[in-house]
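First the structure, in the form of structure tokens, and then the observations on it.
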Amino acid sequence: MESRTPTQSVLKDDRWASGVLLGKESKIKLHLTTFPGLVGGTFRSVVMGLTPDYFGEANVTVTCSVLDSSTSADGSNHNSAGIDFQEVELLLVDDLKFDILFHIPFEAHATEEGGVWQLIMQFVNGATEIFDIPMCRTRESNSEITAAHIASQRFDQKKQQQSEVKNASNEIQAEPYTLEIAGGKLTLQSSPSPAGRPTFAKGLAIFTGLWVVMTVFFYWLLDGPLNLVLVFGGFTVFMLICLIFLLYGTSHCIIDREQMVSKHKLFGCTLNSRKTDRGKLTGFSPKLLTTAPSNKKFPFQYWVIGLTENNDSRIFSFTIFGQNEARMLAKKLSDFLRQE
């Protein structure tokens, strides 16, 4: 019997062995220019078979999910899918075909390692196509192509493109944070709810209001048992603190030669503080908060997170950024980290 490596088995899979994938909901075809795509490399493809009603802006998402297995106390097994990598680009479709290019970080799970990779396209006419795509780890995979490196590279490309468009600098100038570098120390201060930026505050306020109404209703219905008051009332207080923090709180991050210290403050009082050794930090990267394709009315939103050598995340700010803002901040922080 022929012995195959995991990568060979992926390439000979009937789903993509021809190098051309057919849409399930339309006549769209996806030609895999890179076959396979590489973790620690790129994924390139050409979308063909379009008609003029597809012209306009399209949200194109590449995502990798990994099945996590866990065992409960009763010995039963549970499986859940977690997002390992996700990146979104807003592309202009003005021809019957267009190219797609994504850089894929080395630390992501390849197809042969259990990663389930998909390319999701949402067009202006409401059509959506989802393609399963192969992403492998080969000798050509570059360990230096990390999430932090990709964020920095994309920021440079985006900035160059914007410099060719009139008034493109307006978004860059409206930075929802202050950043200072002096004496080998970086100080970052940000607010979860900078003026003019979308936040979760409105949604949380609605949820908190409904929770208060429900608490009062059950308190009246059950004649106010003490344990109900403590449980419902305690959670209400917690949500109110979160809501007030989203509106008036600030996040402070200081990176010096030894460590990164992040603090979240409300009216001068520290709610949470965390320290991370600088030597454990490998870079900074945008973190997509939206899990499905969106549109202009509800744009994609990002956090910026720190990454450690174990690929753990360090949340040092709850500010919600646009895509370019997140890449810009991730680049600045990663550049500072590499200086010394």
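For the set S273, S262, solvent exposure ranked by accessible area (probe 1.4 Å, protein chains only) runs largest to smallest as S273, S262.
In the complete set of protein chains, residue-level accessible area for C269 is approximately 80 Å², probe 1.4 angstrom. Note on L210: accessible area is roughly 110 Å² with a 1.4 Å probe, heavy atoms of protein only.
Amide H contacts of G49: K29, each under 5 Å away and 5 or more positions distant or on a separate chain (H built 1.01 Å from N in the peptide plane; Pro and chain starts excluded). Mind scanning K24/K332; K263/K287; K29/K331 and naming the pairs with a C-alpha gap bigger than 30 Å? Correct reply: K24/K332; K29/K331.
Taking label positions 7 Å along the Cα-Cβ direction at both D94 and I241, the computed distance is 5.2 nm, reported to one decimal. Backbone amide hydrogens, once placed in the peptide plane, bring I145 within less than 5 Å of F106, excluding anything fewer than 5 places away on its chain. When nucleic acids and ligands are ignored and a 1.4 Å probe is applied, H264 ends up with an accessible area of around 10 Å². Note on R274 and Q339: the model spin-label points, each 7 Å out from Cα along the C-beta direction, lie 2.4 nm apart.
The values are calculated or read from the model by the stated rules, or taken from the named source; none is laboratory data. Keep in mind that this is a model prediction, so the values were computed, not measured. Ideal geometry is used to build each Cβ from the backbone, glycine not excepted, and the neighbour counts take in all protein chains shown. Ligands, DNA and RNA are excluded from the accessible area calculation, which covers all protein heavy atoms including side chains. Shrake-Rupley method; radii C 1.70, N 1.55, O 1.52, S 1.80 Å.
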